[in-house]
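First the structure, in the form of structure tokens, and then the observations on it.
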Protein chains: 2
Amino acid sequence: MALIVQKFGGSSVSDAASVKRVAQRIVDTKNAGNDVVVVVSAMGDTTDELIDLANEIAPDAPAREMDILLTAGERISMALLSMAVNSLGVGAHAFTGQQAGLRTDAHYGKASIVGVVPERIARTIKSGAVAIVAGFQGVNDRNDVTTLGRGGSDTTAVALAAALRADVCEIYTDVDGVFSADPRIVPAARQLPYMTHEETLELAAHGAKVLHLRAVEFARKFNVPVHVRSSFSNKEGTWIVDEKTMKDKALEAPVVAGVAHDRSQGKVTITRVPNVPGMASKIFAIVAGIDGNIDMIVQNTAVAAPDVSNLSFTLPKAEVAAVVEALRSHRGELGFGEIRVAEDIGILSVVGAGMRSHSGISAKLFATLGDLGINADMIATSEIRISVVVDPERLDEAARSVHTAFGLDSESEAVVYGGTGR
Amino acid sequence: MALIVQKFGGSSVSDAASVKRVAQRIVDTKNAGNDVVVVVSAMGDTTDELIDLANEIAPDAPAREMDILLTAGERISMALLSMAVNSLGVGAHAFTGQQAGLRTDAHYGKASIVGVVPERIARTIKSGAVAIVAGFQGVNDRNDVTTLGRGGSDTTAVALAAALRADVCEIYTDVDGVFSADPRIVPAARQLPYMTHEETLELAAHGAKVLHLRAVEFARKFNVPVHVRSSFSNKEGTWIVDEKTMKDKALEAPVVAGVAHDRSQGKVTITRVPNVPGMASKIFAIVAGIDGNIDMIVQNTAVAAPDVSNLSFTLPKAEVAAVVEALRSHRGELGFGEIRVAEDIGILSVVGAGMRSHSGISAKLFATLGDLGINADMIATSEIRISVVVDPERLDEAARSVHTAFGLDSESEAVVYGGTGR
């Protein structure tokens with residue numbers, strides 16, 4: 001007997017028939033002798049419809065009221081799913097984020113979980129019933145409802161699994177698991193049986209729609225085993241585990257687990273930045289001051305002009321305009337030349353825990369890109385990742401060739417990858 | 001400067017345009033120098049749509065989950081209305097029943113308010129903002145959401161007005177106020193400028209769609225002045241006040257305030273009930289045991305058979321079958337003859353506080369019915385009401401004639417009466 005947390009996204013509960021189908025899966029898991037806690041997102045397009053309605057009435061709605069509005073979606077889906085499970089003869093009770101003990105800070109629209117006190121959930125499973133919890137929401141210390149932002153239901157599920165010391169957190173999606181690349185771009189992508197939390201984190205942070213970043217961070221921090229799998233089959237999906245588990249299973253992990261691509265970032269270059277101490281920290285303090293999320297950074301000094309540098313960085317496209325405006329307003333103080341913006345760039349990332357112990361990964365990556373005549377404009381690395389900025393027109397081609405070069409290609413074509421919902 | 005509670009039903013907030021219209025009215029009231037607390041129902045047909053969805057998934061859904069589901073409707077309307085008020089430049093915050101301090105018992109689907117602790121509402125109006133409260137809902141002592149049943153938003157509004165010691169509770173509807181009869185049946189019905197709480201209670205209990213019964217009970221108990229008025233105009237509607245206020249205003253109240261009709265009841269007759277002490281209380285204990293709501297009771301003893309009586313009573317049609325079954329199962333013990341059911345009856349009620357001091361009301365009522373050749377099958381009276389059971393086919397005709405006989409006819413035809421929503 002295990003304690004299993006199951007998370008179902010909006011596409012898994014889009015209408016009455018699919019709610020019943022999900023209920024049957026929950027009942028099967030329960031009747032197999034497990035304790036079951038379910039986290040559910042709003043049905044289908046409910047959230048987007050509510051956002052449209054709000055925009056029609058008040059385009060600049062207060063964030064607090066927007067969160068009240070949006071949490072109505074999970075309220076509906078959790079109640080209906082609980083009814084469906086009850087009608088199959090298994091006791092179930094639905095709980096809001098507040099009732100489930102999901103406590104957050106007060107950042108409406110993108111709140112962070114600050115604690116989980118799942119007393120009622122623990123009592124419910126102890127009584128033999130299934131607990132159905134609204135994803136994506138919590139309550140702040142003013143007793144106001146908050147939402148966790150996109151992907152928030154994944155985070156709810158992993159956080160609950162951590163607090164309840166669940167044996168596994170199952171994330172149900174409309175594909176079979178996590179793939180070595182996006183099958184829509186790389187048809188030879190294959191499903192990965194295992195990944196480490198770190199690999200998942202790097203892939204999620206660099207364009208792969210695996211799981212929400214914060215969900216993976218929670219899973220890593222509290223060492224929650226996550227099983228990403230299909231709600232349409234009983235096949236094993238992808239297990240996301242810690243490195244020790246990987247070693248214990250004596251798994252022959254590939255050096256490179258996957259290839260991610262990202263078209264959501266833009267590039268900002270500041271020319272002729274004076275080479276004086278503290279200049280970079282001044283610039284990044286300005287960016288941080290308006291909540292800009294910088295990813296890659298490169299600084300170049302020309303031999304011919306050793307007193308100044310060009311500073312380039314990437315960040316989400318939506319943040320580019322505000323960051324550029326903030327920097328321009330400090331131009332007198334900073335004394336740089338000009339600001340150049342590249343709205344469209346491609347970022348290719350190669351991720352694998354095996355990089356720690358294997359050399360030659362960079363060499364193979366750049367040889368592959370070189371053979372294609374694709375230039376790497378910026379390069380950034382972590383312990384288990386190499387990312388390069390390339391021409392966005394050639395990003396897909398680069399992803400396919402690199403996937404092949406690292407021996408990741410499957411023999412059969414994958415089904416199209418659709419993400420995990422909210 | 002006054003503290004005004006305004007309640008808007010579902011038909012007043014059926015789409016984005018009407019939400020904006022209601023918001024403008026709230027802002028106008030606020031800008032006129034008043035403190036404003038708003039109670040709002042779910043938009044249009046939201047509640048019925050949610051009930052349909054639940055029935056599709058689980059026809060016998062647990063009542064607790066049904067309440068979670070249904071309260072999503074007010075969650076949406078309160079958030080949108082708050083956004084709309086904010087967008088007009090007046091601060092507003094939306095609150096659930098729980099946040100507004102509406103505490104109820106645990107009778108899901110028809111909970112009773114056991115207390116109101118509107119701390120956050122009081123703080124909100126003190127800060128100069130408008131408080132928007134979800135109608136129809138509260139929270140029980142297990143921190144589970146409950147609903148108050150049909151008409152619950154009226155009750156929320158009056159209960160909040162009582163707890164906040166508001167100067168007035170305005171109930172907005174789609175007609176101009178309360179009428180002396182249903183204008184769809186009695187075209188000469190006229191709008192009443194004033195009514196007492198007692199008159200309203202008697203009319204609401206006997207078929208008039210004035211206000212929810214429990215809302216009127218709250219208004220009487222805590223002496224809350226209620227103003228029923230149109231959300232489409234600024235005309236004065238109908239004030240529901242206590243008798244002292246009526247007297248203070250030296251109002252020339254008519255002896256009869258209104259005529260109500262009711263087709264929602266059925267009639268049960270138990271024949272040959274033994275005339276032994278305690279028999280009636282045994283019978284009514286059985287009915288009360290299955291929550292039957294008896295209205296009128298008549299007991300007849302024939303001179304020819306003084307040892308037995310016929311006992312007739314009326315109750316809501318939906319309860320007739322269960323009550324008959326319960327009585328039949330006790331037949332051996334009670335020793336009655338048989339049970340006869342009349343599913344279709346008409347009840348005509350004449351209501352007026354002036355009956356206390358005026359005689360001749362019954363005489364005029366029965367003379368009017370007699371002239372039409374309409375038989376009064378059962379008769380029941382209170383201090384300020386006379387009700388008679390008549391042939392349902394002739395109920396409308398009786399209502400029109402009685403309305404005329406008591407001098408209630410208006411010179412112009414009224415607009416059609418549509419009820420006050422939920």
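The values are calculated or read from the model by the stated rules, or taken from the named source; none is laboratory data. Worth saying up front: this structure is predicted, and the values here are computed from it rather than measured. Cβ placement follows ideal geometry from the backbone for every residue including glycine, while neighbour counts extend to all protein chains displayed. Surface areas here come from the heavy atoms of the whole protein model, side chains and all, with no ligands, DNA or RNA. Shrake-Rupley method; radii C 1.70, N 1.55, O 1.52, S 1.80 Å.
Among the residues in the range B:82-98, are any in contact with a Cys (Cβ under 9 Å, 6 or more places away or on another chain) and either charged (D, E, K, R) or at pLDDT 95 or above (or both)?
The answer is no; no qualifying residue exists.
Filter the range B:334-357 down to residues that are under 27 Å from the mean Cα position of the chain (by Cα) and surrounded by fewer than 21 Cβ atoms within 10 Å (Cβ to Cβ), then give me how many there are.
Of the residues in that region, 7 qualify.
How many of the residues making up the range A:159-195 are of a type outside the set (D, E), over 15 Å from the mean Cα position of the chain (by Cα) and not in a loop (DSSP other than H, G, I, E, B)?
Within the range A:159-195, residues that are of a type outside the set (D, E), over 15 Å from the mean Cα position of the chain (by Cα) and not in a loop (DSSP other than H, G, I, E, B) number 8.
If you check A:D60 against the conditions, is it touching a Ser or Thr at 6+ places or on another chain (Cβ under 8 Å), surrounded by fewer than 17 Cβ atoms within 10 Å (Cβ to Cβ) and free of Cβ contacts under 8 Å to residues at least 24 places away in the same chain?
In short, yes.
From the list B:I76, B:I125, B:I68, which residue is at pLDDT 95 or above and under 23 Å from B:L164 (Cα atoms)?
The conditions single out B:I125.
Just checking, which of A:R150, A:R190 is modelled with pLDDT of 90 or more, surrounded by fewer than 24 Cβ atoms within 10 Å (Cβ to Cβ) and of a type in the set (D, E, K, R)?
One residue alone meets the criteria, A:R190.
When you scan the range B:282-293, do you find a residue that is open to solvent by 40 Å² or more (accessible area, probe 1.4 Å) and in contact (Cβ under 8 Å) with a residue 60 or more places away in the chain, even just one?
No, that holds for no residue.
Here are B:V19, B:V90, B:V27, B:V38: which of them is open to solvent by 10 Å² or more (accessible area, probe 1.4 Å) and either closer than 23 Å to A:N55 by Cα or facing chain A (nearest Cβ under 7 Å) (or both)?
Answer to the check: B:V90.
Mind checking which residues of the range A:165-176 are under 21 Å from A:G10 (Cβ atoms) and either hydroxyl-bearing (S, T, Y) or modelled with pLDDT of 90 or more (or both)?
A:C169, A:E170, A:I171, A:Y172, A:T173 - these are the residues of the range A:165-176 that are under 21 Å from A:G10 (Cβ atoms) and either hydroxyl-bearing (S, T, Y) or modelled with pLDDT of 90 or more (or both).
Answer with yes or no whether B:G73 is open to solvent by less than 50 Å² (accessible area, probe 1.4 Å), within 27 Å of the chain's Cα centre (by Cα), closer than 15 Å to A:A72 by Cβ and more than 11 Å from chain A (Cβ to nearest Cβ).
For B:G73, the condition - open to solvent by less than 50 Å² (accessible area, probe 1.4 Å), within 27 Å of the chain's Cα centre (by Cα), closer than 15 Å to A:A72 by Cβ and more than 11 Å from chain A (Cβ to nearest Cβ) - is not met.
Out of the residues in the range B:29-57 meeting the condition of being without any contact (Cβ under 8 Å) to a residue 12 or more places away in the chain and not hydrophobic (A, V, I, L, M, F, W, C), tell me which one is farthest from B:L164 (Cα to Cα).
Of everything passing the filter in the range B:29-57, B:E56 is farthest from B:L164 (Cα to Cα).
Take the residues in the range B:93-126 that are among the hydrophobic types (A, V, I, L, M, F, W, C) and touching a residue at least 60 places away in the same chain (Cβ under 8 Å), then tell me which one is farthest from the other protein chains (Cβ to nearest Cβ).
Applying the filter and picking the extreme gives B:I113.
Of everything in the range A:45-99, what is under 17 Å from B:A84 (Cβ atoms), of a type in the set (D, E, K, R) and either touching a Phe, Trp or Tyr at 6+ places or on another chain (Cβ under 7 Å) or outside the structural domain of A:G149 (by TED's automatic domain parsing) (or both)? Give them in sequence order.
Residues satisfying the conditions are A:R64, A:D67.
Of all residues in the range B:204-234 being open to solvent by 10 Å² or more (accessible area, probe 1.4 Å) and hydrophobic (A, V, I, L, M, F, W, C), which is farthest from B:S112 (Cα to Cα)?
The qualifying residue farthest from B:S112 (Cα to Cα) is B:F232.
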